[in-house]
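Working notes, structure below.
Every number in this text was worked out from the coordinates using simple rules, so none of it is lab data. Being a predicted model, the structure only gives us computed values, none of them experimental. In this analysis, Cβ positions are derived from the backbone assuming ideal geometry, glycine residues included, and neighbour counts consider all displayed protein chains.
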Amino acid sequence: MNIAADQIMVFAQTALWGGFIVFLRVGAIMAVLPAFGEQTVPARVKLGLTLAFTLIVAPAALSGIDVQNEPFTKLPVFVMTEVIAGLAIGLSIRLFVMALQIAGTIAAQSTSLSQIFGAAGIDPLPAMGHVLVIGGLALAVMTGLHIRAAELIILSYDIMPAGQFPDASVLTAWGTQRIAHAFALAFGLAAPFFIASLIYNLALGVINRAMPQLMVAFVGAPAITAGGLILLMLSAPFLLQIWVQSLNAYLANPLGG
């Protein structure tokens, strides 16, 4: 009886310690994960989501974590390594939301809608940016963001083993690649608005040269405003589809190899 109780105590201590280590990485990821880590989500909801993800990830992740040899003496190391790994993974996913924000800002400025339909909030963005971000987050959750995030967290223990600091040069190169990809994706999503703005300004310049007495600004302002809104209505479904495909491709293969 005593032997069984001792075995249960050892198993419970090992499980709790391993769960805490997993909780550190999951908590860092959930703090910045799109949709689940938004600033508008209450802290209690975030904590509940973090515990739920920990329960999902822990059975698969504990096989690669050494929790037998003096775990309490390694606590500072685990805290630092797991938080660093979690933030690196979470921020790499967060860059996709930032790409939508940048694309919305470029689109609004290109079509002269950044001041007319601007909005102040937690992340001050033009209305186009809010539409793209909210639509993108909703689409990502509908296509299984929670499932792919759990798979990525489990995969992260093969990429960044628990208790080991990631190589700084590799992490820097990977982070730089992710930032460059985010800016390229943002400009690609905003390209239709940029091209429409270029054509509009060229046409406005030709008209102004042909008829200097015409107040082209009064004629062109309503045209670019209506054109920007119509272009947003027509292109937003395709832009969000491209964005969510890029996000899912990254979640399936974060290293890009």
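Show that you can apply the helix-only estimate: for the chain, add -39,500 (n - 2.57) for every DSSP H stretch of four or more residues, divide by all residues, and state [θ] at 222 nm to the nearest 500.
Only helices count here, giving -27000 deg cm²/dmol.
Label points 7 Å out from Cα along the Cβ direction at THR225 and ARG209: separation in nm?
Distance between label points: 2.9 nm.
Which cross-chain or sequence-distant (5 or more) residues have an amide H under 5 Å from the amide H of LEU125, H modelled 1.01 Å from N in plane?
So LEU125 has HN proximity to ALA119.
In segment 2-252, with Lys and Arg counted as +1 and Asp and Glu as -1 at Cβ, which of these residues, GLY228, ALA150, PHE53, has the Cα nearest the positive end of the dipole, that is, farthest along it?
Towards the positive end, the residue furthest out is GLY228.
Taking only Cα atoms, what is the 0 to 90° angle, nearest 10, from helix 2-30's long axis to the longest principal axis of the chain?
Once rounded, one gets 20 degrees.
Using Cα atoms only, what is the angle between the long axis of helix 168-210 and the major principal axis of the chain, expressed in degrees (0 to 90) to the nearest 10?
10
Mind pulling the angle between the C-alpha long axis of helix 75-110 and the longest principal axis of the chain? Nearest 10 degrees, somewhere in 0 to 90.
Taking the Cα atoms of the chain, the angle to 75-110 is about 10 degrees.
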